[in-house]
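Every number in this text was worked out from the coordinates using simple rules, so none of it is lab data. Here the structure is a predicted model, which is why all the values come from computation and not from measurement. Counting neighbours? That spans all protein chains shown, and the Cβs are built from the backbone with ideal geometry, glycine included.
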Amino acid sequence: MLTKTENLRSDAGLASALRVSLARLNRRLRKQGAHHSLTPTQLATLAAVESHTEMTPGELAEHEKVQPPSMTRVIAKLEERGLLARKPHPTDRRQVTVRLTEAGTALLKEERRMKEAWLARQLKELTPEERAALRVAAPILARLSQM
């Protein structure tokens, strides 16, 4: 049986360790968010609209890698809660765009504040060397998440 260090030397071992660790960290971060009962897909949709200012439902579906009918349902739920608003497309009257409302912006801000505060507390428990390693790894993880 391989030790943890020997296992991390192979790409397959590294992939396995990253998968498990990132999944656990993601679950822990989700628990730290604001108590609003939004699904991860709904939160991701709000964040996508925020980063693009306005998007069509089709653009959102493509961005989030979901089927258009699923995104239509997500948008409807977020609109019901007053977090997204639809408006006519500026150049194509057959389409609409969605944008964040003030309530949607406030919810995302609070969500991030709570998660980042929790993570900052956890980082304080690490050694300076461990935090330095994470500073190096953060852009690499960001790149992996975009592939």
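Things to note:
- Computed E for Thr72/Leu144 - FRET, C-beta separation, R0 22 angstrom, nearest 0.05: 0.15
- The coefficient of translational diffusion for the range 36-104, derived via Stokes-Einstein from the alpha carbon Kirkwood radius under 25 °C and 0.890 mPa s, stands at 208 µm²/s.
- Cα principal axis extents for the chain, largest first, Å: 61, 30, 24
- Ordered by the count of other Cβ atoms within 10 Å of each Cβ, fewest first, Ser21, Ser37 give Ser37, Ser21.
- Its relative contact order, with pairs defined as Cα atoms under 8 Å and 6+ residues apart, puts the chain at 22 percent.
- Remark: Val96, Val49, Val20 ranked as Val20, Val96, Val49, counting other beta-carbon atoms within 10 Å and listing the fewest first.
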